[in-house]
Amino acid sequence: MPRAYVLINVESGSEDDVLNELKSIEGVEEAYFSYGVYDLITKIKADTMDKLKEMVTRRVRTLSKVRSTLTLIMMEE
C-alpha cells in the first residue's frame with residue numbers, strides 16, 4: 001500500500017485550520033505541527049500509487065492557505 005509524507009508550508013496563522021482540514025481527509029494517517037522550514041507534516045496512504053498522487057495533488061495541495069508542499073514517497077524493501 002503506497003504511503004507518503006507530505007511536508008507543507010501554509011500562510012502564517014492558518015496552521016490550526018489547515019491541520020484540521022488535513023485530519024478530515026480520508027487516507028491521512030497522521031498530521032502534525034512542525035517547527036522549522038515546514039509548518040505541517042502529514043502521512044498519507046492509498047490503495048494505489050495513482051490514488052496517492054491524486055490525494056496529494058487534488059486534496060492536499062488545493063487546500064485553502066497551502067502555499068507549498070514537498071512529497072516524500074515511501075518505498076518498501
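The values are calculated or read from the model by the stated rules, or taken from the named source; none is laboratory data. Predicted, not measured: the structure shown is a model, and the values here were computed from it. Reconstructed Cβ throughout: ideal geometry from the backbone, glycine too, with neighbour counts over all protein chains shown.
Looking for whichever is out of contact with any strand residue (DSSP E or B) (no Cβ under 8 Å at 6 or more places or on another chain), at pLDDT 95 or above and loosely packed, with under 10 Cβ neighbours inside 10 Å here; the options are 13, 36. Which one fits?
Going through 13, 36 in turn, just one is out of contact with any strand residue (DSSP E or B) (no Cβ under 8 Å at 6 or more places or on another chain), at pLDDT 95 or above and loosely packed, with under 10 Cβ neighbours inside 10 Å: 13.
Would you pick out the residues in the stretch 20-29 that are surrounded by fewer than 18 Cβ atoms within 10 Å (Cβ to Cβ) and farther than 15 Å from residue 52 by Cβ?
20, 23, 24
Among the residues in the stretch 59-76, are any β-branched (Val, Ile, Thr), on the phi < 0 side of the Ramachandran plot, exposed (fewer than 11 other Cβ atoms within 10 Å of the Cβ) and without any contact (Cβ under 8 Å) to a residue 12 or more places away in the chain?
yes
Got a number for residues in the stretch 1-59 being under 24 Å from residue 75 (Cβ atoms) and charged (D, E, K, R)?
The total comes to 13.
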